[in-house]
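Enquirer: One structure follows; several queries about it will come next.
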Amino acid sequence: MRRLRGLLFPGRDPSLEGVWPLPLTLATLDIKPSRRSFPSGEETARRSFIYDKSIRTNERIRVPQIRVIDDQGSQLGIMPPFEALKIARERSLDLVEISPQAQPPVCKIMDYGKYIYQLSKKAHEAKKHQKQIQLKEVKFRPQTDEHDYEFKKNHILDFLKDGDKVKASVRFRGREMAHKEIGRRLLDRLVTDVGEVGIVEFFPKFEGPNLFMVLAPKKN
């Protein structure tokens, strides 16, 4: 440490008078971004589904005989699984059981990761096109006037045409509870007015001060 201090500050060490220190160079650490590429969507799917136990592959196929289809769609005939697996390994592919209920089970030589990715993609596309049915609520009062009724009825028609369900309710307050038949007549009228596009799924019943029913779109 003393010698290093003398090299940096030679005037402070009498034994090193007149000796100039070696030039010091500050080294900078050149950090380059990693070139490791992130996995593609297909590669991610392969890693996620490669251990799917619902599909038997390779050594997990343990039946005496299987019917084999190669990666080009050609029938290779019936053989023991180890022979089919040998063919698959020679082509750097997998042996996948595609019809376990057949006699004998049907297996295909293919890229298992790509196969699972395609199944996942199809399921995702099918789910994306499924409509999520929502329950809309439209509230009435026993004294709802004609204009307000028509306005809300048209909204209910639009909801039903879009495939959604509708909860139509009538809220009673105070002395209005003595005239529950008004609410029932209002809902009965509503059922008739939307009858072309909707049906009653839950008939009118009371829930506290509310009389409600649920309408569902008619199935074509």
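The values are calculated or read from the model by the stated rules, or taken from the named source; none is laboratory data. This one's a predicted model, so the numbers in the text were calculated from it and none came from an experiment. Using ideal geometry, Cβ is built from the backbone for each residue, glycine included, and neighbour counts are taken over all protein chains shown.
Enquirer: Pull up the stretch 172-220, narrow it to residues that are at pLDDT 90 or above and among the polar types (S, T, N, Q), then point me to the one that is nearest to residue 139 (Cα to Cα).
Expert: Within the stretch 172-220, the match that is nearest to residue 139 (Cα to Cα) is 210.
Enquirer: Please go through (1) without any contact (Cβ under 8 Å) to a residue 40 or more places away in the chain; (2) out of contact with any Cys (no Cβ under 9 Å at 6 or more places or on another chain) for residue 114 and return the number of the only condition it doesn't satisfy.
Expert: Every condition holds for residue 114 apart from (1).
Enquirer: I've got another one for you. Among 99, 92, 120, which is the only one that is among the hydroxyl-bearing types (Ser, Thr, Tyr), outside the structural domain of residue 194 (by TED's automatic domain parsing) and modelled with pLDDT under 90? Quick ask: steps written out before the conclusion?
Expert: Values: 99 fails: modelled with pLDDT under 90; 92 fails: modelled with pLDDT under 90.
Criteria check complete, one pass: 120.
Enquirer: So which pairs qualify, if the first residue must be in the stretch 57-70 and at negative phi, the second must be part of a helix (DSSP H, G or I) and of a type in the set (D, E, K, R), the Cβ gap must be under 9 Å, and the two must be at least 6 apart or on different chains?
Expert: Short answer, once both residue conditions are applied: 68/83.
Enquirer: Now, a different point. So which residues in the stretch 124-180 are under 18 Å from residue 200 (Cβ atoms), β-branched (Val, Ile, Thr) and either under 34 Å from the mean Cα position of the chain (by Cα) or outside any strand (DSSP E or B) (or both)?
Expert: 133, 138, 156, 166
Enquirer: Considering 88, 168, 102, 84, which residue is out of contact with any Leu (no Cβ under 7 Å at 6 or more places or on another chain) and aliphatic (A, V, I, L, M)?
Expert: 102
Enquirer: The conditions are (1) surrounded by 14 or more Cβ atoms within 10 Å (Cβ to Cβ); (2) at pLDDT 90 or above, and residue 115 fails exactly one of them. Which is it?
Expert: Of (1) surrounded by 14 or more Cβ atoms within 10 Å (Cβ to Cβ); (2) at pLDDT 90 or above, only one is false for residue 115: (2).
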